[in-house]
Structures are given as C-alpha cells and as structure tokens.
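Computed from the coordinates by the stated procedures, all read-outs in this text should not be read as laboratory data. Since the model is a prediction, treat every value here as computed from it, not as a measurement. Heads up, the Cβs are rebuilt from the backbone with ideal geometry, glycines too, and the neighbour counts pull from every protein chain shown.
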Amino acid sequence: MAQESRSGRFLAIAGAILGLGFSLVGSALLGLYLGSLLDKNSPTRVYTPIGLIFGLLVGFHRAWIIVQGIMKKRK
C-alpha cells in the first residue's frame with residue numbers, strides 16, 4: 001500500500017510540473033500570436049514583444065496560483 005501511495009504522489013507532482021510548463025509556454029505562445037496578429041496592421045511591429053511579455057506575466061501568475069494550491073494541499 002505504501003508503494004501505491006508513493007506512485008500516486010509521484011503522479012500528482014508530475015502532473016503539477018506539466019501543468020506549470022504548459023501554463024508558462026502556452027500563455028507565452030498565445031501572447032506572441034495575438035501580438036503578431038495585431039502587428040499585421042501596424043507599421044511599428046511593437047505588439048509582438050508586448051504580447052510576449054504580457055503572456056509571460058499571465059503564465060507566471062498562473063504558475064504561482066498552481067504552486068500556492070500545491071503548498072496548501074501539503075499542509
């Protein structure tokens with residue numbers, strides 16, 4: 001039974017780590033994509049880096065929320 005508990009804990013941690021990665025990368029790519037869409041009609045091409053930065057900020061915020069949830073479960 002202890003082995004099942006350890007493997008369940010491992011899967012929970014692995015799922016959380018994957019969630020963090022997808023949250024960061026997905027948000028950054030979405031911000032990059034939306035910025036590039038806005039840049040199609042703009043002569044200055046400033047929206048792509050702004051979208052990337054905004055996407056990274058959203059991704060880090062989401063990652064922080066996931067980590068906070070994990071820490072609360074551990075208590």
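Report the net charge of residues surrounding Tyr47, where surrounding means a beta-carbon distance below 13 angstrom and charges are Lys +1, Arg +1, Asp -1, Glu -1.
On the way: positive: Lys40, Arg45; negative: Asp39.
Once positives and negatives cancel, what remains is +1.
Nearest 10 degrees, 0 to 90: what angle lies between the long axis of helix 2-39 and the longest principal axis of the chain (Cα atoms)?
0 degrees
Provide Phe60, Phe54 in ascending order of the number of other Cβ atoms located within 10 Å of each residue's Cβ, fewest first.
Phe60, Phe54
With unit charges on the beta carbon (Lys/Arg positive, Asp/Glu negative), name the residue among Asn41, Ile65, Leu24 whose Cα is farthest towards the positive pole of the charge dipole of the chain.
Ile65
Would you give the gap between the C-alpha center of the range 40-75 and the C-alpha center of the range 7-34, rounded to a whole Å?
Using only Cα atoms, the two centres lie 12 Å from each other.
Based on the alpha-carbon set only, what is the convex hull volume of the chain divided per residue, in Å³?
Convex hull of Cα atoms, per residue: 55 Å³.
I'd like the Kirkwood hydrodynamic radius of the range 36-75, using the inverse of the mean 1/r over distinct C-alpha pairs, in Å.
Details: mean 1/r = 0.0834 Å⁻¹.
The Cα-based Kirkwood calculation yields 12.0 Å.
Angle check, please: helix 47-74 long axis (alpha carbons) against the longest principal axis of the chain (alpha carbons), in degrees 0 to 90, nearest 10.
10 degrees
For the chain, give the magnitude of the charge dipole about the Cα centre (Cβ charges: +1 Lys/Arg, -1 Asp/Glu; no others), in debye to the nearest 20.
Working: 9 positive and 2 negative charges, 75 e Å.
Roughly 360 debye for the chain.
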